[in-house]
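The values are calculated or read from the model by the stated rules, or taken from the named source; none is laboratory data. From a predicted model like this one, the values you see are computed outputs, not experimental measurements. As a convention, Cβ positions derive from the backbone with ideal geometry for all residues, glycine included, and neighbour counts pool all protein chains shown. When the accessible area is computed, the model is the full protein with side chains, heavy atoms only, and any ligands, DNA or RNA have been set aside. Shrake-Rupley method; radii C 1.70, N 1.55, O 1.52, S 1.80 Å.
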Amino acid sequence: MKHTYKRHKKPIRHMLPFGPHLISIDEAGTLKVWDIKEENLFLELTFSNNVFKITAILHPATYINKILLGSEQGTMQIWNINTSKLIYTFKGWDSGISVLEQAPALDVVAIGLDSGKIILHNLKFDETVMEFYQDWGLVTSISFRTDGFPIMATGSANGHIVFWNLEERRVETQLLAAHDCAVSGMICLPNEPLLITSSPDNTLKLWIFDMSDGSARLLRKREGHSSPPSFIRYHGANGHNILSCAGDSTLRIFNTQTEMFNKSLGKASYNRKASKRRGRAVEDPLLMPPIVEFTSETTREKEWDNIAAIHLGLPMVTTWSYDKLKMGDLKLLPERLYKKNNISNADVTATCLCLTHCGNFVIIGYSSGNVDRFNMQSGLWKCEYGDPKAHGGPVRGIAADTLNQVIVTGGSENVIKFWLFKTQCKVPVTSIKIDE
């Protein structure tokens, strides 16, 4: 920690480094200019959100001591922060300004509007040079290539990127579904055919313009869950890999030694092949609810699926392959829980599960008190424990010994039961009642 600046009373929404100063703007419309080294307040301006609510800030190149402010009302203002005077007010375009970006040409600024319009405007003469319109609405980010190609890139709220040819004034190429969420940040590296984008989907991507048609392809990426992780476990005995799931319905591998080995097993889908055919550009109606618990074993992971997962509110258990880095084709569900139309409306849900050490079987507990065993290779149901149920309430935990001799189950009625593994047990070997 080097410096701290504490005088804002509302959450800060915009910041801009400005030579030896730092400009910060909060939700209340208060603009403060700080001396970075001394931590002193150099200047403070207050704007009324009803008249001029600041939504974007930019320092135009070669404009000494001046900043350009864009507003939700669609107007712009140039201020001199050295003299704290308003230099000029631009009338605007009857739509909120979402982003401001300096163009390679001096005096020209790219302005992105909430309506999807992109305007290249000359500040010196207050004249519009050219206009474009983005079909996907709100413009979230703008950047310009400076490696000899007259290309402007604009990002949208649904994750698409458009590349505009400024000489021919038309769309050059499009990058559909570059991100799962809005393209919140975008910058073309100076004099390089490279573009870096960021998004609330928790990804940072590097694109390179080396395709035959001039379009970009993904070169590198760093990513994680777009929602907070809800369940994590080490995979294997060496402690090098962690499996995690989150509310974004994905299952991921994180390596504890290097980020290069981080992998995604994809999103859970009722029909993985159909979802793959639809592509990322279209919202997937086959997306399954988030994973809430999973179990894995390293044994037999190269022969068949070695991860089993429970989904929120579903009786169905899905299988995944750590070796192939994908969701498996098996959907484990007892015959008694099949419904004619939609199994997702079943009253019973899977609550816990356990993979045997040999990797051949998965034992699943349900909210109804049932406990079932399935084969991991074929997905076939093998047997059920209890008569008619293993527990009188939801099953809260399951464990199996390493030799597949005994299964231990715990129920919400505060009872732990021990079952023989290899036979279809109607009665447990022993039960232990836990006092509350």
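By a 1.4 Å probe calculation restricted to protein chains, HIS391 has an accessible surface near 10 Å², given to the nearest 10.
The orientation-averaged projected area of the convex hull spanned by the Cα atoms of the stretch 83-231 comes to 11.3 nm². Positive-end ranking of ILE307, LEU189, PHE90 along the dipole of the chain, with charges on Cβ about the Cα centre, is headed by ILE307.
Each of ASN370, VAL415, PRO428 was scored by the projection of its Cα onto the charge dipole of the stretch 311-436, and the greatest displacement toward the positive side belongs to ASN370; charges sit on the C-beta of Lys, Arg, Asp and Glu.
Solvent-accessible surface of the stretch 145-199, taken per residue with a 1.4 Å probe and all protein chains present: 42 Å². Globularity index of the stretch 229-433 is 1.02 (Cα radius of gyration / 2.2 N^0.38 Å, N = number of residues). Could you tell me how far the Cα centroid of the stretch 1-60 sits from the Cα centroid of the stretch 207-279, in Å? The stretch 207-279 and the stretch 1-60 have Cα centres separated by 37 Å.
If you run the Gaussian network model on the chain, springs between alpha carbon atoms under 10 Å, then out of MET327, MET211, MET376 the most flexible one is MET211. Each helix, a run of at least 4 DSSP H residues, gives -39500 (n - 2.57); summed and divided by the residues of the chain, these come to -500 deg cm²/dmol at 222 nm. In a reduced charge model with +1 at each Lys and Arg Cβ and -1 at each Asp and Glu Cβ, the chain shows a dipole moment near 880 debye about its Cα centre. For the chain, the calculated P(r) over all alpha carbon pairs, in 10 Å bins from 0 to the bin holding the longest distance, is 4, 17, 21, 18, 14, 13, 9, 3, 0 percent. Charged neighbours of CYS425, selected by a Cβ distance under 13 Å, balance to +3 (K, R count +1; D, E count -1).
Just the accessible area for THR62, please: 1.4 Å probe, Å², rounded to the nearest 10? About 100 Å², rounded to the nearest 10. Ordering GLY359, HIS225, THR319 by Cα displacement along the dipole of the chain toward the positive end leaves GLY359 in first place; charges were set at the Cβ atoms of Lys, Arg (+1) and Asp, Glu (-1). Indicate the gyration tensor shape class of the stretch 344-436 (rounded, prolate or oblate), computed on the Cα atoms with a ≥ b ≥ c the square roots of the eigenvalues: a/c under 1.5 is rounded; otherwise a/b larger than b/c is prolate and the rest oblate. Oblate, since a/c reaches 1.5 and b/c is not below a/b. Computed as a quarter of the hull surface, the mean projected area of the alpha carbon convex hull for the stretch 169-291 stands at 9.9 nm². With kT/(6 pi eta Rh) evaluated at 10 °C and eta = 1.306 mPa s, and Rh the Kirkwood radius from Cα pairs, the stretch 236-313 diffuses with a coefficient of 114 µm²/s according to Stokes-Einstein.
Placing +1 on each Lys and Arg Cβ and -1 on each Asp and Glu Cβ, with no other charges, gives the stretch 229-433 a dipole about its Cα centre of roughly 440 debye. Computed over protein heavy atoms with a 1.4 angstrom probe, the accessible surface ordering of HIS59, HIS357, HIS8, HIS235, largest first, is HIS357, HIS59, HIS8, HIS235. Solvent-accessible surface of the stretch 229-433, taken per residue with a 1.4 Å probe and all protein chains present: 50 Å². Between the stretch 358-436 and the stretch 62-83, what is the separation of their alpha carbon centroids in Å? Taking the Cα centre of the stretch 62-83 as reference, the centre of the stretch 358-436 is 68 Å away. Around the Cα centre of the stretch 1-104, unit charges on the Cβ atoms of Lys, Arg, Asp and Glu (plus for the first two, minus for the last two) sum to a dipole of about 200 debye. Share of carbon and sulfur in the accessible area of the chain stands at 52%, probe radius 1.4 Å. Straight-line cross-link reach from LYS302 at under 14 Å between alpha-carbon atoms covers these aspartates and glutamates, not counting any fewer than eight positions away in the same chain: ASP323.
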